[in-house]
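Undergrad: First the structure, which I've put down as structure tokens, then a few questions once you've had a look.
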Amino acid sequence: MIYKFENGKIIVTDKSQFNPEHILECGQVFRFGKDENNNYFVMSKNHKATIIETDTNYEIICDDVNYFINYFDLETDYNIAKTHLSKFEILKPMIEFGYGIRILNGDPLEMIFSYTISQNNNIKRIQQIIERLCELSLSKTSPKHFPTIEELNAAPLSFYSSLGAGYRDKFLKDLSESLLNVDLNEISKLSTDELYNYLLSFKGIGPKVASCILLFGFSRREKFPVDTWLEQVYYNHFSKEKRTRPEIQKYFENEFGEFSGIAQQYLFYYERSKKTQKK
């Protein structure tokens, strides 16, 4: 247990397993930022949490305690994953660098749309497109809620074209139609392979996007999405053997097993941060 309740807040008592910068800046989520006091905040579905650091703790101020206990995966002891993954010598400095990473349990609908937008895109632009997408929400709160599937479906193709999403506009409109009567809670009961193939059946969702949705939207921690960064990680740190991205993904999933998704985040955060620092 790394948290407790106090005065209606979630108090994270173990900083070695939780760091908002590591969690939010490692590429797994897009609706986040910093407020006027330089505190991180994050939005998910129709919820918001602000994270305040003290000398000894992190305080999570939020509108739904149970939602964010699950969202931040606070019931999971990441020391178990760290111990297992530290058996791989190459991972040790990466785990130390991103020690506070936790895999977020994002809303499946939001993750499906967000990662469809994300392909061949940079994070800042993804955030801007998603922010515009949230204008569909009928909620009058600020910041806007992520739209419901009914709100997404009611929007015409011209709205999606106006987002700046480029060729993805038709994919987003198709998703809004295809998912209208789908019970994502029922879909989540499928095996990982079945759910993976189901996601691949949608236009605009390929292997990498499907794997991201599985990892961040359906809590399938055994998935290891591979993009340009992870392809570089593979060749720079693990092997020179030429492989396709699906083959690289399978390589890493065989190596790291049930902790593949956590390993992926340590590797991604380390590689991207180090490259960014060199610029």
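Undergrad: Which residue pairs have Cβ atoms under 6 Å apart, sit 6 or more places apart or on different chains, and have a first residue in region 145-168 that is over 16 Å from residue 127 (Cβ atoms) and a second that is basic (Lys, Arg)?
TA: 157/173; 160/173
Undergrad: Right, here's the next one. So is residue 71 more than 24 Å from residue 269 (Cα to Cα), hydroxyl-bearing (Ser, Thr, Tyr) and either within 14 Å of the chain's Cα centre (by Cα) or open to solvent by 40 Å² or more (accessible area, probe 1.4 Å) (or both) or not?
TA: For residue 71, the condition - more than 24 Å from residue 269 (Cα to Cα), hydroxyl-bearing (Ser, Thr, Tyr) and either within 14 Å of the chain's Cα centre (by Cα) or open to solvent by 40 Å² or more (accessible area, probe 1.4 Å) (or both) - is not met.
Undergrad: What's the number of the condition residue 41 fails, among (1) under 22 Å from the mean Cα position of the chain (by Cα); (2) farther than 30 Å from residue 239 by Cα; (3) in contact (Cβ under 8 Å) with a residue 12 or more places away in the chain; (4) open to solvent by less than 70 Å² (accessible area, probe 1.4 Å)?
TA: Here residue 41 meets the rest and fails (3).
Undergrad: Okay, next question. Give region 203-213 a look and list any residue that's in contact with an Asp or Glu (Cβ under 8 Å, 6 or more places away or on another chain), in a loop (DSSP other than H, G, I, E, B) and touching a residue at least 40 places away in the same chain (Cβ under 8 Å), or say none. Reasoning before the result, please.
TA: Keep residues of region 203-213 that are in contact with an Asp or Glu (Cβ under 8 Å, 6 or more places away or on another chain), which gives 203-204, 208.
Then keep just the ones that are in a loop (DSSP other than H, G, I, E, B); that gives 203-204.
Listed by number, the list holds a single entry, 204.
Undergrad: Have a look at 53, 6 and point out the one that is at pLDDT 95 or above and more than 27 Å from residue 212 (Cα to Cα).
TA: 53
Undergrad: Here's a check for you: in region 178-197, which residue that is open to solvent by less than 50 Å² (accessible area, probe 1.4 Å) and not in a loop (DSSP other than H, G, I, E, B) is nearest to residue 111 (Cα to Cα)?
TA: It comes out as 184.
Undergrad: Quick check on residue 170: is it assigned to a loop (DSSP other than H, G, I, E, B), at pLDDT 95 or above, out of contact with any strand residue (DSSP E or B) (no Cβ under 7 Å at 6 or more places or on another chain) and closer than 29 Å to residue 249 by Cα?
TA: Considered against the rule, which asks whether it is assigned to a loop (DSSP other than H, G, I, E, B), at pLDDT 95 or above, out of contact with any strand residue (DSSP E or B) (no Cβ under 7 Å at 6 or more places or on another chain) and closer than 29 Å to residue 249 by Cα, residue 170 comes out as no.
Undergrad: From the set of residues in region 10-34 that are part of a loop (DSSP other than H, G, I, E, B) and either touching a Pro at 6+ places or on another chain (Cβ under 6 Å) or open to solvent by 40 Å² or more (accessible area, probe 1.4 Å) (or both), which is nearest to residue 219 (Cα to Cα)?
TA: If we take residues in region 10-34 being part of a loop (DSSP other than H, G, I, E, B) and either touching a Pro at 6+ places or on another chain (Cβ under 6 Å) or open to solvent by 40 Å² or more (accessible area, probe 1.4 Å) (or both), then 25 is nearest to residue 219 (Cα to Cα).
Undergrad: If residue 110 passes every condition in (1) under 30 Å from residue 203 (Cα atoms); (2) in contact with a helix residue (DSSP H, G or I) (Cβ under 6 Å, 6 or more places away or on another chain); (3) not in a loop (DSSP other than H, G, I, E, B) but one, which one does it miss?
TA: (2)
Undergrad: Here are the criteria: (1) under 24 Å from residue 253 (Cα atoms); (2) open to solvent by 20 Å² or more (accessible area, probe 1.4 Å); (3) of a type in the set (Gly, Ala, Ser). Tell me which single one residue 100 does not satisfy.
TA: Result: residue 100 fails condition (2) only.
The values are calculated or read from the model by the stated rules, or taken from the named source; none is laboratory data. Only a predicted model underlies this, so the values are computations on that prediction, with no experimental measurement involved. In this analysis, Cβ positions are derived from the backbone assuming ideal geometry, glycine residues included, and neighbour counts consider all displayed protein chains. Ligands, DNA and RNA are stripped out before the accessible areas are found, and what is left, the full protein with its side chains, is counted by its heavy atoms. Shrake-Rupley method; radii C 1.70, N 1.55, O 1.52, S 1.80 Å.
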